[in-house]
Amino acid sequence: MNPPVSESILSISPYKPGKPIEELAREYGVRDAIKLASNENPLGPSPKAMEAVRKALDAVHRYPDGACHELVAKLSAKLAVSPREIVIGNGSDDIIAMLTRAFLQPGDEAVIADPTFLMYEISIKTSGARIVKVPVEESLGMRIDALLGAIGNRCRLVFLCNPNNPTGAVVSTGEFRRLLDGLPEEALLVVDEAYMEFVRDPDCARSLALRATADHPIVTLRTFSKAYGLAGLRVGYGVMPAWVADVLHRVRQPFNVNTLAQVAATAALDDREFLESSIRCVHEGIDWMQRQIAAMGLRCYPTQSNFFLIDVGKSADEVFEAMLRHGVIVRSMRAYGYPACIRVNAGTSRENERFVEALRKVIASS
Ligand SMILES: *Cc1c(COP(=O)(O)O)cnc(C)c1O
């Protein structure tokens, strides 16, 4: 007999990433495909990061620095927090996994929004804890009262994705404070700010600024995968009270962040010019695409991020398939509970034009 696998693990649906360009070439014979499905940086990686990676290649026979000393020191100075309050991960996904491993036991609960980033659910179920989902508003806004109402006495983690993936909606500073005030002491608040660099709404809650005056422990997650263009290297970080960092270091793999990721992230933090161009490219792209799509008579949801949802008024899976045949990879939101919505991220202006042309044809042809 095989060793038994828990019900909790068996209930996990494996994460389905955005379709890689190479896969589309293999399956559909499409040669010049574009991918606007994983919220990646349209401008590529930071040039300073690439140069740092080239220089570091000679040393990859050595184990990486398990403490990520240089990167932690740079982040500590930039964010004005103690190095003891920073944990670096193999992507922020790694830190999500450390949090659920360290703070959730079978029988505990974790609260998340629905829809939200799918990695929370996968990590929570891996720990054997119970997952409590709070549906967002019809307009996609977070329902803070419902979130607070869903927190029971076994709740240990509350995940708040701000801006939320896949909706693009943000929580205001006032709402965030209300959430903090209502949280029980035993529940840690995890705020995932993977897209914070793109936010234009001045009223959006920024947890790194708010944590100084908050009584409640907050874990802020940030990543180098989006605005910094380093998704393929896998590096993200968390800012948290030192006692939480101390707990995570116990469950963290000793060499969780590879050498190239460390030097690239450290260099990327100095590449302000690249970061600013990336943000500008995304803002221009989002505004242009949303105008074009609205003119086609389709509903776009507002966004504070580098992606947005479009209600295509019919099966999103079919639109996704038809777009593939035009060489454009987007994301169907069926798995997230929105069977008539697709998610697309801003690309280069040429990619955005191709997306709009393809969508126009796909919508017209059915
Ligand atoms: C892309 C994304 C991340 C980043 O994950 P990495 O593991 O750092 O690449 C984290 N959270 C959300 C909500 C995301 O969309």
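Whole angstrom only: what separates the Cα centroid of region 131-155 from the Cα centroid of region 298-366?
If you average the Cα positions of each part, the centres end up 28 Å apart.
Please compute the net charge surrounding Pro166, taking Lys and Arg as +1 and Asp and Glu as -1 over other residues with Cβ under 10 Å from its Cβ.
Net charge around Pro166: +2.
If the chain between Asn153 and Glu357 were fully stretched, how many nm would it gain, using 0.36 nm times the residue separation less the Cα-Cα distance?
Values: separation 204, 0.36 × 204 = 73.44 nm, distance 5.17 nm.
Full-extension gain reported as 68.3 nm.
Determine the sum of side-chain charges near Ile329: Lys and Arg each +1, Asp and Glu each -1, restricted to other residues whose C-beta is under 10 angstrom from that of Ile329.
+2
For region 37-129, evaluate the Debye formula with one uniform point scatterer on each Cα (no solvent term) and list log10 I(q)/I(0) at q = 0.13, 0.16, 0.26 Å⁻¹, rounded to two decimals.
-0.71, -0.98, -1.24
Assuming R0 = 30 Å, what is the FRET efficiency of Leu10 and Ala335, from their Cβ-Cβ distance, to the nearest 0.05?
Working: r = 18 Å, r/R0 = 0.60.
Once the sixth-power term is evaluated, E becomes 0.95.
Just to be sure I understand the model, the point goes 7 Å from the Cα along the line to the Cβ. What's the resulting Asp311 to Gln105 distance in nm?
Those two pseudo-labels are separated by 4.6 nm.
Viscosity 0.692 mPa s, temperature 37 °C: Stokes-Einstein D of the chain from its Kirkwood Cα radius, in µm² per second?
154
Given a 10 angstrom Cα cut-off, can you work out which residue in Arg206, Arg31, Arg143 is the most mobile in a GNM of the chain?
Fluctuation is largest for Arg31.
Using a/c under 1.5 as the rounded threshold, could you call region 173-237 rounded, prolate or oblate? The axes a ≥ b ≥ c are square roots of the C-alpha gyration tensor eigenvalues, and prolate needs a/b larger than b/c, oblate otherwise.
Taking the square roots of the gyration eigenvalues as a ≥ b ≥ c, region 173-237 is oblate.
Using a basic spin-label model with each label point 7 Å from the Cα along Cα→Cβ, how many nm lie between Arg200 and Glu273?
With each label point 7 Å from Cα toward Cβ, the separation is 2.5 nm.
What is the spread of the Cα atoms of region 323-366 along each of their three principal axes, largest first, in whole Å?
Each principal axis gives a Cα extent; for region 323-366 these are 30, 24, 13 Å.
Could you check the spin-label model distance between Arg350 and Ser82? Points 7 Å from the Cα along Cα→Cβ, value in nm.
Here the answer is 5.1 nm between the modelled labels.
Quick one: dipole size for region 48-268, taken about the Cα centre, charges +1 on Lys/Arg Cβ and -1 on Asp/Glu Cβ, in debye to the nearest 20.
With Lys and Arg at +1 and Asp and Glu at -1, about 660 debye.
For Lys74, go through the aspartates and glutamates and keep the ones whose alpha-carbon is under 14 Å away, minus same-chain ones fewer than eight residues off.
Glu85, Asp270, Asp271
How long is the gain from Trp288 to Arg250 if the chain were fully straight, where each residue apart is worth 0.36 nm and the alpha carbon distance is subtracted?
Computed gain between Trp288 and Arg250 is 9.0 nm.
For Asp192, list long-range residues whose amide hydrogen, built 1.01 Å from N in the peptide plane, is under 5 Å from its own amide hydrogen.
Amide H neighbours of Asp192: Leu160, Cys161, Asn162, Leu221.
Give the separation of the Cα centroids, region 186-209 to region 275-294, in Å.
Region 186-209 and region 275-294 have Cα centres spaced 21 Å from each other.
Under 12 Å from the Cβ of Val251, count the other residues' Cβ atoms, weight Lys and Arg +1, Asp and Glu -1, and hand me the total. Walk me through the numbers on the way to the answer.
On the way: positive: Arg101, Arg250, Arg252; negative: Asp94, Asp246.
Surrounding charge for Val251 is +1.
Fully extended, how many nm does the chain gain between Arg54 and Ala67 (0.36 nm per residue separation, minus their Cα-Cα distance)?
Result for the pair: 2.5 nm of gain on full extension.
Please go through the residue pairs Lys35/Lys226; Lys55/Lys78; Lys16/Lys361 and name each one whose alpha carbons sit more than 22 Å apart in this structure.
Working: Lys35/Lys226 14 Å; Lys55/Lys78 24 Å; Lys16/Lys361 27 Å.
In this structure, Lys55/Lys78; Lys16/Lys361 lie more than 22 Å apart at Cα.
Read-outs: derived from the displayed coordinates by stated rules, not from any lab. Everything numeric here is computed off the predicted structure, so don't read it as measured data. Note that each Cβ is placed from the backbone with ideal geometry, even for glycine, and that neighbours are counted across all protein chains shown.
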